[in-house]
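Colleague: Submitted below is the structure of interest, expressed as structure tokens.
We did not get these values from a lab; they are worked out from the coordinates using the rules stated. Not measured: the values here are computed from a predicted model. FYI the Cβ positions are ideal-geometry reconstructions off the backbone, even for glycines, and counts take in every protein chain you see.
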Amino acid sequence: MSAGLPMRLSIGPYRVIDLVGAGGMGTVYRVAHRATGQIAAAKLLNAGAMGSTALERFRNEARIHQTLAHPCIASMHEFLEVDGVPCLVMEYVDGETLEEHLRQRGPLALRESLRIFGALSDAVGYMHQRGIVHRDLKTNNVKLSSQGVVKLLDFGIATAAGSPRLTGTGNVVGTLMCLSPEQLRTGRAEPRSDIWALGILFYEMLTGRAPFEGEAPGLLTERILNGSYLPPSEVRPELPREVDRIVARCLRVRPEDRYATAEALLTELRTLQTGGAQGGSAWRPPQLLIRSSGELATAFARQWRLMASVGAAAVALLFFAWSVWPSPTPPPHDPPRPLEVVRDTPTQPGEGSGLAEVPGLTSSVTPSVTHRVTPGLAPRDPMADPDAMSRRRVIIRVLEGPTDIYINGVRVGVTPYTLDAPIGAEMSIVLKRIGCDDFARTLRVEEGMSEFVESLRHCRVP
């Protein structure tokens, strides 16, 4: 037993084996269940942190943690109160933290970085699908077991729908070097704040150091707010440039410029794993890149549109040459027939959802064609329809549940809502839900965007 272990030999039905670690909020022990022998980790709230806020935060951690079941998230066994002290019993993960590994061995190989980063991104995507934001993703909260399994730990400041508000307005919680710009400015975290923290983790695995560093907190904060850092390939020249693009997309200063979801990040990461991880420029199917929502896909899309434009110009030149070439005179008994113009029958207003229904936005097609998309339909195939390359199909979601959505002042439906719009289009969006304050913002459709996820403010219990 460690020398610093207090005189505690048991915790409820568990026998204490040794001390794992201690912090300002809690102390963690390795324990064994007396009846089953199961090894676990027991986290007790420290006596000095038994104030109402700390106690409620500890219980909130237990409420959130017990809902999670993912192979890359340490599982929770039970919640106890021992002599009036709350205790969270969870899976014990042997091995070392990612922070310890990097400090002792330096940066990881690219293949290992991609493996760990992919596991963490999958776990974060799983949480986000359940409305949970971790808010404290960092190397000390990631453990690598002796078998190489990646485990995400510590949900002490995580939030979920229905979590009590435990942080005052403008107050910031978390580790400074991992905080996103919006957390520094407002103290508020959203799913894309976790995407930022994932970018920090990936950078540290690749280079062995944090992207934002500064001896003074003020200097560190300034660099984070400006997004000022060296790309990974400038720290380790042997790294492929694709990792620079993935890190850069995670560490965009504006949340809306980052990956829309952890799933979108995983799509691009898997593309890199199938080609770039071997250090070569392996060929990748065009359909995979087009369906990807990251930088690699948009670069290919731009090249595809350029080739399509050149091809269209060549076809136009051939058509012009054909049209001016003398043609044989038709026989007298077979006069040319007049050209018939067939127009599409306009659809009835109010059907489906899409850009054509929203006042103030115009479609990129000719006036004789009504362009629309209906929720539930698969997106158009970009290889068969070149116009689809300049449009995005964006799903608008609200974490609190179904919410009325107004676009440019007109109610168009209820979230989740599918919008089909040209890249670069801007529109005014208002979200209205009973019991919550109305939320308004301007949405700009960007390349790579597939989802727009928002959380309403000041929701009150009905």
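Colleague: Taking 7 Å along the Cα-to-C-beta vector as the label spot, tell me the Glu100-Ser145 distance in nanometres, rounded to one decimal.
Modeller: 1.6 nm
Colleague: Another one. Please turn the phi angles of the range 405-413 into ³J(HN,Hα) values with the Karplus equation 6.51 cos²θ - 1.76 cosθ + 1.60 (θ = phi - 60°), one per residue in order, whole Hz, x for glycine and proline.
Modeller: Per residue, the Karplus-derived 3J(HN,Hα) values read 10, 10, 10, 6, x, 10, 6, 10, x Hz.
Colleague: What are the residues whose amide H is under 5 Å from the amide H of Gly413, where those residues sit 5 or more places off or on another chain and H is modelled from the backbone?
Modeller: Distant-sequence amide H within range of Gly413: Ile405.
Colleague: May I pose another question? Any lysines with Cα under 16 Å of the Lys138 Cα? List them, leaving off those in the same chain fewer than 8 positions away.
Modeller: Lys151
Colleague: Charges only on Cβ, +1 for Lys and Arg, -1 for Asp and Glu: so what's the dipole of the range 1-108 about the Cα centre, in debye to the nearest 20? Show your work: numbers first, answer last.
Modeller: On the way: 10 positive and 11 negative charges, 17 e Å.
So the magnitude is around 80 debye.
Colleague: Residues with amide H under 5 Å of Val20's amide H, sequence separation 5 or more or different chain, H placed in the peptide plane at 1.01 Å from N; which?
Modeller: Amide H neighbours of Val20: Val28, Tyr29, Arg30.
Colleague: Counting only residues 5 or more places away or on other chains, whose amide H sits under 5 Å from the amide H of Ala421 once H atoms are built in the peptide plane?
Modeller: Arg392, Val394
Colleague: Can you tell me which of 424-436, 243-255, 38-50 comes out highest on packing, and rank the rest after it, using the mean Cβ neighbours within 10 Å?
Modeller: Output ranking for 424-436, 243-255, 38-50: 243-255, 38-50, 424-436.
Colleague: Could you go through the range 12-23 in sequence order and give the Karplus-derived ³J(HN,Hα) for each residue, using 6.51 cos²θ - 1.76 cosθ + 1.60 with θ = phi - 60°, rounded to whole Hz, and x for Gly and Pro?
Modeller: Result, rounded to whole Hz: x, x, 10, 9, 6, 9, 6, 8, 8, x, 9, x.
Colleague: Using packing as a proxy for protection, rank 256-265, 14-23 so that the peptide with the highest average count of other Cβ atoms within 10 Å comes first. Show your work: numbers first, answer last.
Modeller: Numbers: 256-265: 22.5, 14-23: 15.5.
For the peptides 256-265, 14-23, the packing ranking is 256-265, 14-23.
Colleague: Could you rank the peptides 410-417, 132-139, 70-77 by their average count of other C-beta atoms within 10 Å per residue, with the highest value first?
Modeller: Numbers: 410-417: 16.4, 132-139: 23.0, 70-77: 18.0.
Packing order, densest peptide first, comes out as 132-139, 70-77, 410-417.
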